[in-house]
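Student: Attaching a single structure in structure tokens format; questions to follow.
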Amino acid sequence: MGALRSPPHADVSTPLFVPGPSLAELDERARDIFRRIVESYLETGEPVGSRTLSKTGLSLSPASIRNTMQDLTHLGLLGAPHVSAGRLPTHAGLRLFVDGLLEVGDVGEDERRSIEARLHAHGRNFEDALNEASSILSGLAGGAGVVVTPIRDAGVKHVEFVSLGVERTLAIMVFADGTVENRLIRLPAGVTPSALTEASNFLNARLRGRTLVEAKVDLRAELDRAKRELNETAARLVEDGLAAWGGGEAEERALIVRGRANLLEEPQAREDLERVRSLFDDLEQKEQLIQLLDGVREGAGVRIFIGAETRLFSLSGSAVIAAPYMTGSQRVLGAIGVIGPARLNYARIIPLVDYTARVLGQVMNA
């Protein structure tokens, strides 16, 4: 791990709750005690009491520590799960810690090589690379890895159907920005090489230079005529090909989620099954989650959402660490991130998300 530094390009979402105090409002003692409580909570997930803190090297009595903890509680930075328990940071407290006190390290050299090798191994098969990126984050970060697929706004450059045997064909679509989409399609009975060529020529004549969204609207009206003009199997290929390509419309964009099982393995999961169940429900809200991650597209680096800062995760009290992945010309394609409990290991996950997003952008721009 390299030298410690501040979170890369950390950005703050608009909170749904009233923000807590700033670090400038805390004296040195309060700031030190607050930092120790949050760091202990992020490591153990357990409430922290004054006696525990007095054993960490603080030259203060438990009574003095307790008084400061009460002040931090009144400020809304700490909360008590039970009357007799220690204190835990609130979501506002975690936000203050992440923005002002958190220091993160660089991604380790071995992890860098692993991320690069796994993503570049898929060549120009971007769909596999996106799935791999989600798996990488879920494995290294321990939460659920999420990826929103790109909005397809580049024009079509070339379309081709390539036979892979008697039952399957590979539908290849090359876009003006250099990206390639491949789809496996089951062949209709009796398809000949000439039918594959006929279907390819038909789509090339109508798609070249236009986005899929634009072309699909017009082509729907032409499909009936295509069925009359083309060989029957070629017309079927055209129809199947258009159905296979998503077209980039918002409702058809994919949300890739990997590592849901990780959320059940955290120490507090069994004790708080209702929260975990709520988080699983949140992960099923595809449109809302895509909308949240699309908000990351507006920034140039990592964004962090904690609990009630988003309506989607306010009930489960979960956190999201996400970053955009973009082309070399800084055109944002989509977003990638990690979702998990509010006590995510921010110091480790922030640089992992940041680096994986940058490598994914290089792969998409290769």
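The values are calculated or read from the model by the stated rules, or taken from the named source; none is laboratory data. Remember, predicted model here, so these are calculated numbers, not experimental data. Because the Cβ atoms are built from the backbone with ideal geometry, glycine has one as well, and the counts that use them run over all protein chains shown. With ligands, DNA and RNA removed, areas are computed over all heavy atoms of the protein, side chains included. Shrake-Rupley method; radii C 1.70, N 1.55, O 1.52, S 1.80 Å.
Student: Restricting the stretch 115-140 to residues that are touching a Lys or Arg at 6+ places or on another chain (Cβ under 7 Å) and open to solvent by less than 20 Å² (accessible area, probe 1.4 Å), which is nearest to residue 336 (Cα to Cα)? Give the steps one after another, and end with the answer.
Tutor: So the first thing to find is which residues in the stretch 115-140 are touching a Lys or Arg at 6+ places or on another chain (Cβ under 7 Å), and the list is 132, 134-136, 138.
Now restrict to residues that are open to solvent by less than 20 Å² (accessible area, probe 1.4 Å): 134, 136, 138.
Working: 134: 7, 136: 11, 138: 11 Å.
Looking at residues that are touching a Lys or Arg at 6+ places or on another chain (Cβ under 7 Å) and open to solvent by less than 20 Å² (accessible area, probe 1.4 Å), I get 134.
Student: What pairs can you find where one residue is in the stretch 32-49 and closer than 17 Å to residue 92 by Cα and without any contact (Cβ under 8 Å) to a residue 24 or more places away in the chain, the other is in a helix (DSSP H, G or I) and open to solvent by less than 40 Å² (accessible area, probe 1.4 Å), and their Cβ atoms are less than 7 Å apart, with a gap of 6+ or different chains?
Tutor: 36/53
Student: Within the stretch 167-190, which residues are in contact with a Leu (Cβ under 7 Å, 6 or more places away or on another chain), open to solvent by 20 Å² or more (accessible area, probe 1.4 Å) and farther than 30 Å from residue 332 by Cα?
Tutor: Matches in the stretch 167-190: 167, 168.
Student: Identify the residue in the stretch 232-276 that is crowded, with 16+ Cβ neighbours inside 10 Å and polar (S, T, N, Q) and, among all such residues, is modelled with the lowest pLDDT.
Tutor: 262
Student: Another one. Among the residues of the stretch 5-24, is any under 26 Å from residue 348 (Cβ atoms), at pLDDT 90 or above and of a type outside the set (Gly, Ala, Ser)?
Tutor: no
Student: Filter the stretch 319-352 down to the residues that are of a type outside the set (D, E, K, R) and assigned to a helix (DSSP H, G or I), then identify the one that is surrounded by the fewest Cβ atoms within 10 Å (Cβ to Cβ).
Tutor: The qualifying residue surrounded by the fewest Cβ atoms within 10 Å (Cβ to Cβ) is 347.
Student: Can you tell me how many residues in the stretch 40-80 are in a loop (DSSP other than H, G, I, E, B), open to solvent by 60 Å² or more (accessible area, probe 1.4 Å) and either in contact with a strand residue (DSSP E or B) (Cβ under 6 Å, 6 or more places away or on another chain) or acidic (Asp, Glu) (or both)?
Tutor: The total comes to 1.
Student: Which of the following residues is of a type in the set (Lys, Arg), touching a Leu at 6+ places or on another chain (Cβ under 9 Å) and open to solvent by 40 Å² or more (accessible area, probe 1.4 Å): 35, 112?
Tutor: Just one listed residue meets the conditions, 35.
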